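Chemist: Submitted below is the structure of interest, expressed as structure tokens.
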Amino acid sequence: MAEGHRKRLKDRFLSDGLDRFNEINALELLLFYAVPREDTNPLSHRLLERFGSFSGVLDADYEDLIKVEGVSDHTATYLKLLPEAARYYQSGKIKEHVELVTLTDIGEYLVRKYVGITKEIVYMLMLDGKHCVIGFEKVYEGSVSSAGVSVRGMAESALKKHAAAVVIAHNHPNGLAIPSPDDLTITRNMKAAFDTLEIQFLNHFIVSDNKYCAIMNGNEI
């Protein structure tokens, strides 16, 4: 009976994709590959009841996942791998020297880079004179306003890459893509530092839930 159900879900996926699956069935299908010899329907229900949605399950912390009855270390690791794999896949589709001409180009590029990331991370995007990507580095894991974010370190990386322009980005994993007063202050400080080095500071982006906000209006803030 269980094997027949598994085969039907697999065949349905191969025929139609995931779009017409409800969240229970979609999660069941994923769990087939972490829990190969058990009915995954009850576990899917428990996970959705605990975390609220399919995306909520995949975004949940490892420590919270293993507290759910029936979730082993192997299963929790597998669930955490999935959004990371999606981000890795998206990154692989972006050509290294892609040209980012507009703020929309940059925003969409950054949104793809944050797929599956649930912690606050600061990135620096480096561009050449034609606005082609020549570098993308993680600056810090934590708040952009933290003392751990080194403007000097970012400047050194940009100079090493011979960047003509830079973009700073950070995410609000559990909030909105809206700048805080601290975000505005750090943006001014960063712009001043890069202006001194004659490296164009294009903007500071905030990313949240597949949306983004560019803090600077034109070249002023």
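The values are calculated or read from the model by the stated rules, or taken from the named source; none is laboratory data. This one's a predicted model, so the numbers in the text were calculated from it and none came from an experiment. In this analysis, Cβ positions are derived from the backbone assuming ideal geometry, glycine residues included, and neighbour counts consider all displayed protein chains.
Chemist: When you go through (1) surrounded by fewer than 20 Cβ atoms within 10 Å (Cβ to Cβ); (2) farther than 29 Å from TYR62 by Cβ one by one for GLY175, which number turns out not to apply?
Modeler: (2)
Chemist: Which numbered condition trips up TYR62, out of (1) exposed (fewer than 15 other Cβ atoms within 10 Å of the Cβ); (2) over 17 Å from the mean Cα position of the chain (by Cα)?
Modeler: Of everything listed in (1) exposed (fewer than 15 other Cβ atoms within 10 Å of the Cβ); (2) over 17 Å from the mean Cα position of the chain (by Cα), TYR62 misses just condition (2).
Chemist: Out of all the residues in region 155-172, which are more than 16 Å from the chain's Cα centre (by Cα) and assigned to a loop (DSSP other than H, G, I, E, B)?
Modeler: Residues of region 155-172 more than 16 Å from the chain's Cα centre (by Cα): 155-167.
LYS161, HIS162, ALA163, ALA164 - these are the residues of region 155-172 that are more than 16 Å from the chain's Cα centre (by Cα) and assigned to a loop (DSSP other than H, G, I, E, B).
Chemist: Which residues, counting only those in region 65-75, are hydrophobic (A, V, I, L, M, F, W, C) and over 22 Å from the mean Cα position of the chain (by Cα)? Give the derivation first.
Modeler: Within region 65-75, the first condition is being hydrophobic (A, V, I, L, M, F, W, C), and the residues that meet it are 65-66, 68, 71.
ILE66, VAL68, VAL71 - these are the residues of region 65-75 that are hydrophobic (A, V, I, L, M, F, W, C) and over 22 Å from the mean Cα position of the chain (by Cα).
Chemist: Can you work out which of the residues in region 32-69 that are out of contact with any Asp or Glu (no Cβ under 9 Å at 6 or more places or on another chain), hydrophobic (A, V, I, L, M, F, W, C) and not in a loop (DSSP other than H, G, I, E, B) is modelled with the lowest pLDDT?
Modeler: The selected residue is LEU58.
One line per residue, one yes/no per condition, for (1) surrounded by 15 or more Cβ atoms within 10 Å (Cβ to Cβ); (2) in contact with a strand residue (DSSP E or B) (Cβ under 7 Å, 6 or more places away or on another chain); (3) assigned to a helix (DSSP H, G or I); (4) not β-branched (Val, Ile, Thr):
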| residue | (1), (2), (3), (4) |
| --- | --- |
| LYS7 | no, no, yes, yes |
| ALA76 | yes, no, yes, yes |
| ARG87 | yes, no, yes, yes |
| THR104 | no, no, yes, no |
| GLY107 | yes, yes, yes, yes |
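Chemist: Here's another thing I want to ask about it. How many residues does region 110-154 contain that are basic (Lys, Arg), over 13 Å from the mean Cα position of the chain (by Cα) and part of a helix (DSSP H, G or I)? Write out each step before concluding.
Modeler: We begin by selecting, within region 110-154, every residue basic (Lys, Arg); these are 112-113, 119, 130, 138, 152.
From the residues that got through so far, the ones that are over 13 Å from the mean Cα position of the chain (by Cα) too are 130, 152.
Next, only the ones that are part of a helix (DSSP H, G or I) stay: 152.
Within region 110-154, residues that are basic (Lys, Arg), over 13 Å from the mean Cα position of the chain (by Cα) and part of a helix (DSSP H, G or I) number 1.
Chemist: Now, a different point. Filter region 195-221 for residues that are charged (D, E, K, R) and more than 30 Å from PRO83 (Cα to Cα); which is surrounded by the most Cβ atoms within 10 Å (Cβ to Cβ)? First the steps, then the outcome.
Modeler: Narrowing region 195-221 to residues charged (D, E, K, R): 195, 198, 209, 211, 220.
Imposing the further condition that a residue be more than 30 Å from PRO83 (Cα to Cα) reduces the set to 195, 198, 220.
Working: ASP195: 11, GLU198: 7, GLU220: 6.
Filtering first and then ranking leaves ASP195.
Chemist: Sticking with this one: Given (1) farther than 22 Å from TYR114 by Cα; (2) of a type in the set (A, V, I, L, M, F, W, C); (3) surrounded by 12 or more Cβ atoms within 10 Å (Cβ to Cβ), where does ALA192 come up short, assuming only one miss?
Modeler: Result: ALA192 fails condition (3) only.
Chemist: On to the next question. Just the residues that are of a type outside the set (Val, Ile, Thr) and either within 18 Å of ARG152 (Cβ to Cβ) or not assigned by TED's automatic domain parsing to the domain that holds GLY135 (or both), please, taken from region 171-199. Outline the logic, then answer.
Modeler: Here is the first cut: in region 171-199, the residues of a type outside the set (Val, Ile, Thr) are 171-177, 179-184, 188-195, 197-198.
Across region 171-199, the qualifying residues are ARG188, ASN189, MET190, LYS191, ALA192, ALA193, PHE194, ASP195, LEU197, GLU198.
Chemist: Every residue in region 16-49 that is surrounded by 14 or more Cβ atoms within 10 Å (Cβ to Cβ) and either of a type in the set (Asp, Glu) or not assigned by TED's automatic domain parsing to the domain that holds ILE66 (or both), please.
Modeler: GLU23, GLU28, ASP39
Chemist: Please specify each residue of region 121-165 satisfying the condition of being among the polar types (S, T, N, Q) and in contact (Cβ under 8 Å) with a residue 12 or more places away in the chain. Full working, then the answer.
Modeler: Within region 121-165, the first condition is being among the polar types (S, T, N, Q), and the residues that meet it are 143, 145-146, 150, 157.
SER143, SER145, SER157 - these are the residues of region 121-165 that are among the polar types (S, T, N, Q) and in contact (Cβ under 8 Å) with a residue 12 or more places away in the chain.
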